[in-house]
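Enquirer: Starting off with a structure, shown below.
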Amino acid sequence: MQKKRNIEESLEDALNSLDGLQKASPAPFFFTRVQARIQREQNSQWSIISSFIARPAVAVAGISLIVLLNIAALFYQKEHSATAMLTDQNDTATTDDYNTTVATNSYYDENIEPR
Amino acid sequence: LDVLDERNLVEQLKRGDQAAFKTIVEKWQDMVFNTVLGIVQNAEDAEDIAQDVFTQVYQSIHTFKGDAKFSTWLYRITGSKALDHLRRTKRKKRFAFVSKLFGENNEALVSPPDFHHPGIVLDNKESAAVLFKAIERLPHSQKIAFTLNKVEGLSYQEISEIMNTTISSVESLLHRAKTNLRKWLEDFYRENG
C-alpha cells in the first residue's frame with residue numbers, strides 16, 4: 001500500500017516537474033554563428049557550382065554543345081536563306097506569268113477589230 | 001513586438017535588411033532553442049538545429065505570406081527541423097544496431113545520458129529527467145504538442161495554429177500523451193522504486 005502511494009507520488013512529481021520551467025537560451029553570440037553559417041552555405045553553394053563547371057568532362061561537354069549549336073545555327077541559316085531565295089524566284093515567276101497574261105490579253109485586246 | 005512591428009521586420013528582411021534579421025534572431029532565438037531542446041533533448045544538437053532554423057528563415061522569408069503570425073511560421077519550421085533530426089537519429093541508431101548484429105560495427109551501443117533541461121527548478125531535476133526519458137518515447141505529434149504546451153507554455157489555441165489542426169485535436173493529443181506518460185512512468189517507478 002505504502003509502495004503504491006510512493007509510486008503515485010513520484011509519478012505526480014514527474015508529471016509536474018516542468019512547472020515553473022525557465023526558457024533555455026543558446027550560448028552567447030548566437031547571431032554571429034547564424035551569420036557565419038549562412039555565409040558558409042552561400043560559399044559552399046557557389047563552390048559546388050564552380051567546381052562542377054570546372055570539371056574537365058563538364059567543361060568539354062559544355063564547349064562542344066556551344067560549338068554544335070553554332071554549327072546547327074549556321075546550317076539552319078544557310079538552308080533558310082536558300083529557301084528564301086527559291087521562294088523569291090517563284091514569286092518573280094508568278095509575277096512574270098501574270099505579266100505575260102496581261103500582255104497576252106492586251107495583245108488580243110489590241111487585235112480585236114472594231115465591228 | 002506587436003503585429004505591426006513583426007510585419008515591418010518581415011518586410012525589411014524580405015528586402016535583405018541585415019539589421020532586421022539580427023532583430024528577428026535576437027527576439028526569437030530563445031523560443032526556437034528552447035523548443036528544439038525540449039524535443040531533441042541535447043544542447044549541441046539543439047544549437048545546430050536552431051541555427052538551421054534561422055538560416056532557413058533568412059533564405060525562405062519570401063515564402064512567408066503573412067497568413068499566420070510570424071511566430072507561428074517560425075514554430076512550424078522549428079518543429080519540422082527538430083522532427084527531421086529525430087528521424088535521422090533513429091535511422092542512424094537502427095543502422096548501427098543492424099551493423100552490430102552482422103558484426104560490422106564492434107562498438108558498444110551506448111544509450112545517451114539522462115537529459116537535464118537547464119531551466120528546470122533544482123528540486124525537480126531528477127523527476128524531470130525521468131519525465132524527459134518518457135517524453136522521448138511519445139509519438140511525434142504527441143511529443144510536439146506536449147513540448148509546446150509544457151516546455152513553451154503555449155495555449156491549446158496557439159498549438160492548434162502551429163500544428164494546423166483544431167483545438168479538440170490538440171486536447172486529444174495532449175490527453176493521449178499524458179495517458180502514455182503516466183503508464184510509462186508508473187512502470188518505471190514500479191521497477192526502480
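Enquirer: Does residue A:73 satisfy being assigned to a helix (DSSP H, G or I) and at pLDDT 75 or above?
Expert: Working: assigned to a helix (DSSP H, G or I): yes; at pLDDT 75 or above: yes.
Taking the combined requirement at face value, the residue satisfies it.
Enquirer: While we're looking at this one, here's another question. I'm checking my understanding of the structure. Among residues of region A:23-45 that are part of a loop (DSSP other than H, G, I, E, B) and touching a helix residue (DSSP H, G or I) at 6+ places or on another chain (Cβ under 9 Å), which one is farthest from the other protein chains (Cβ to nearest Cβ)? Quick ask: steps written out before the conclusion?
Expert: Quick first cut of region A:23-45, residues part of a loop (DSSP other than H, G, I, E, B) only: A:23-29.
Those still in the list that are touching a helix residue (DSSP H, G or I) at 6+ places or on another chain (Cβ under 9 Å) too: A:23-27.
Values: A:23: 4, A:24: 5, A:25: 5, A:26: 4, A:27: 7 Å.
Applying the filter and picking the extreme gives A:27.
Enquirer: Okay, next question. Give the residue that is surrounded by the most Cβ atoms within 10 Å (Cβ to Cβ), with candidates limited to residues of region B:59-72 that are more than 9 Å from every other protein chain (Cβ to nearest Cβ) and without any contact (Cβ under 8 Å) to a residue 40 or more places away in the chain.
Expert: Step one: list which residues in region B:59-72 are more than 9 Å from every other protein chain (Cβ to nearest Cβ), which gives B:60-72.
Restricting the remaining residues to those that are without any contact (Cβ under 8 Å) to a residue 40 or more places away in the chain gives B:60, B:63, B:65, B:67.
Numbers: B:60: 11, B:63: 8, B:65: 7, B:67: 7.
Filtering region B:59-72 for residues that are more than 9 Å from every other protein chain (Cβ to nearest Cβ) and without any contact (Cβ under 8 Å) to a residue 40 or more places away in the chain, the one surrounded by the most Cβ atoms within 10 Å (Cβ to Cβ) comes out as B:60.
Enquirer: Right, here's the next one. Among the residues of region B:94-102, is there at least one that is under 30 Å from residue B:76 (Cα atoms), part of a helix (DSSP H, G or I) and either at pLDDT 90 or above or open to solvent by 100 Å² or more (accessible area, probe 1.4 Å) (or both)?
Expert: Looking through region B:94-102, at least one residue is under 30 Å from residue B:76 (Cα atoms), part of a helix (DSSP H, G or I) and either at pLDDT 90 or above or open to solvent by 100 Å² or more (accessible area, probe 1.4 Å) (or both).
Enquirer: Being open to solvent by 40 Å² or more (accessible area, probe 1.4 Å) and at the interface with chain A (Cβ under 10 Å from one of its Cβ atoms) is the filter; apply it to region B:125-142 and report the residue that is nearest to residue B:40 (Cα to Cα).
Expert: Restricting attention to region B:125-142, the residues satisfying the condition of being open to solvent by 40 Å² or more (accessible area, probe 1.4 Å) are B:125-126, B:133, B:136-137, B:139-141.
Now restrict to residues that are at the interface with chain A (Cβ under 10 Å from one of its Cβ atoms): B:125-126, B:133.
Details: B:125: 18, B:126: 18, B:133: 11 Å.
Here the answer is B:133.
Enquirer: Ok, one more. Check B:51, B:56, B:29 and return the single one that is touching a Pro at 6+ places or on another chain (Cβ under 8 Å), assigned to a helix (DSSP H, G or I) and within 14 Å of another protein chain (Cβ to nearest Cβ).
Expert: Selected residue: B:29, the only one of B:51, B:56, B:29 that is touching a Pro at 6+ places or on another chain (Cβ under 8 Å), assigned to a helix (DSSP H, G or I) and within 14 Å of another protein chain (Cβ to nearest Cβ).
Enquirer: At the interface with chain B (Cβ under 9 Å from one of its Cβ atoms), in a helix (DSSP H, G or I) and either open to solvent by 100 Å² or more (accessible area, probe 1.4 Å) or not basic (Lys, Arg) (or both): is that true of residue A:52 in this structure?
Expert: On the way: at the interface with chain B (Cβ under 9 Å from one of its Cβ atoms): no; in a helix (DSSP H, G or I): yes; either open to solvent by 100 Å² or more (accessible area, probe 1.4 Å) or not basic (Lys, Arg) (or both): yes.
In short, no.
Enquirer: Let me ask you something else. Between a first residue in region B:167-193 that is within 7 Å of chain A (Cβ to nearest Cβ) and a second residue that is basic (Lys, Arg), which pairs have beta carbons less than 8 Å apart while being 6 or more apart in sequence or on different chains?
Expert: Going by the 8 Å Cβ cut-off, the qualifying pairs are B:193/A:3.
Enquirer: May I pose another question? Being surrounded by 17 or more Cβ atoms within 10 Å (Cβ to Cβ) and either without any contact (Cβ under 8 Å) to a residue 24 or more places away in the chain or away from every other protein chain (no Cβ under 14 Å) (or both) is the requirement here; does residue B:79 meet it?
Expert: Working: surrounded by 17 or more Cβ atoms within 10 Å (Cβ to Cβ): yes; either without any contact (Cβ under 8 Å) to a residue 24 or more places away in the chain or away from every other protein chain (no Cβ under 14 Å) (or both): yes.
It is true that residue B:79 is surrounded by 17 or more Cβ atoms within 10 Å (Cβ to Cβ) and either without any contact (Cβ under 8 Å) to a residue 24 or more places away in the chain or away from every other protein chain (no Cβ under 14 Å) (or both).
The values are calculated or read from the model by the stated rules, or taken from the named source; none is laboratory data. None of the values given here were measured: they were computed from a predicted structure. As a convention, Cβ positions derive from the backbone with ideal geometry for all residues, glycine included, and neighbour counts pool all protein chains shown. Calculation scope for accessible area: heavy atoms of the full protein, side chains included, ligands and nucleic acids excluded. Shrake-Rupley method; radii C 1.70, N 1.55, O 1.52, S 1.80 Å.
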